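Novice: My structure is below; once you've seen it, I'll send some questions.
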Amino acid sequence: MNETLRLHYLEAMGIESWYSKNASKIETPTENRTPCHQVAPMQPPLAKPEPLAQPILTINDNWSQLEQDVRSCQKCELYPTRKQTVFGTGNITADWLFIGEAPNETEDLQGIPFVDNAGLLFTEMMRAMNLTRDEIFMTNILKCRPPNSRDPHVNELNQCHDYLKRQHALIKPKIIVAVGRVAAQKLLKTHEPLSKLRGVVHTFDQTPLIVVYHPAYLLRSLSQKRAAWQDLQLALKTYQQLPH
Ligand code: URA
């Protein structure tokens, strides 16, 4: 992504970048450097996380079997119209599991989640947290694109959910970030609006879960930029407070 667009995204999210006194260039975070984005004081989470425990695998599952099962899936009405399934990408032993809604046209073509415009902002959100796409695992609630990128149907969400649970059980992340309303509502089994779900530490199968605004929504509603950054800060703070 070009630097001007990247800075525009960060600015849109209300994330301030720090400049070295003597340098005219912006400092970007690298793997071993403290994040250079300003972190405002945190509000305490509204709910306490439940005690941590690793999810238990109830079946003799493995990653390649799971990939194969997703690739060949015909459980709902989405399979005839997909170009390919979008399983997820990143580090399969990651501490961070990011879960979005569903592939759209670009993801359906490329087979990779979060690669459209919203995906570029998603990558910038990662970078603002000093994370890279290679360090996390990212996937969606749905592994196939709904035609014309319509909202997912309940049956599609239900049929696909087992794949996500298996991914979660195999990855064993320390923290989950639900990206947007559809992912949050499905993972938390609720119809509460996103405004009620963010700002709280939830759990999914005993893993702490934070709800954040979807980058596609943020591209349309820049007034939420501060709130979006607060969500990311809550995720970071929750992660930092976990036993390591
Ligand atoms: N692309 C994805 O992979 N997921 C989303 O939720 C939106 C766009």
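Novice: Using 5 Å bins from zero, what percent of all Cα-Cα pairs in the range 154-244 falls into each bin?
Specialist: Calculated over all Cα pairs of the range 154-244, the distribution is 3, 13, 24, 23, 20, 11, 6, 1 percent.
Novice: Here's a follow-up. Can you tell me, using C-alpha contacts under 8 Å and at least 6 residues apart, the relative contact order of the range 160-231 as a whole percent?
Specialist: For the range 160-231, the relative contact order is 30 percent.
Novice: For the pair Ser221 and Thr93, how long in nm is the line joining their label points, each one 7 Å along Cα→Cβ?
Specialist: It is 3.9 nm.
Novice: A further question on this structure: Compute the accessible area per residue over the range 107-244, keeping the other protein chains in place, probe 1.4 Å, unit Å².
Specialist: 40 Å²
Novice: Also: If you plug each phi of the range 233-242 into the Karplus form 6.51 cos²θ - 1.76 cosθ + 1.60 with θ = phi - 60°, what whole-Hz ³J(HN,Hα) values come out, in order, with x for Gly and Pro?
Specialist: In residue order, the calculated couplings are 5, 5, 4, 4, 5, 4, 4, 5, 7, 6 Hz.
Novice: Also, I was wondering about something else. Work out how far the C-alpha atoms of the range 77-131 reach from end to end along every principal axis, then list the three figures in whole Å, largest first.
Specialist: For the range 77-131, the Cα spread along each principal axis is 39, 26, 16 Å.
Novice: Please provide three numbers in whole Å: the alpha-carbon extents of the range 93-178 along the principal axes, with the largest listed first.
Specialist: 34, 29, 18
Novice: I'd like the projected area of the range 199-244, averaged over all directions, using the convex hull of its alpha carbons. Report it in nm² with one decimal.
Specialist: Over all viewing directions, the range 199-244 projects a mean Cα-hull area of 3.6 nm².
Novice: Considering the range 67-108, what Rg and Dmax in Å follow from its alpha-carbon atoms?
Specialist: Reported Rg and Dmax, both Å: 11.8, 34.
Novice: Sticking with this structure for a sec: So, counting K/R as plus one and D/E as minus one, what does the shell of residues with Cβ under 12 Å around Lys75 add up to?
Specialist: For residues surrounding Lys75, the net value is -3.
The values are calculated or read from the model by the stated rules, or taken from the named source; none is laboratory data. From a predicted model like this one, the values you see are computed outputs, not experimental measurements. Every residue, glycine as well, gets a Cβ built from its backbone with ideal geometry; the counts of neighbours run over all protein chains shown. SASA here: full protein model, heavy atoms, side chains in, ligands and nucleic acids out. Shrake-Rupley method; radii C 1.70, N 1.55, O 1.52, S 1.80 Å.
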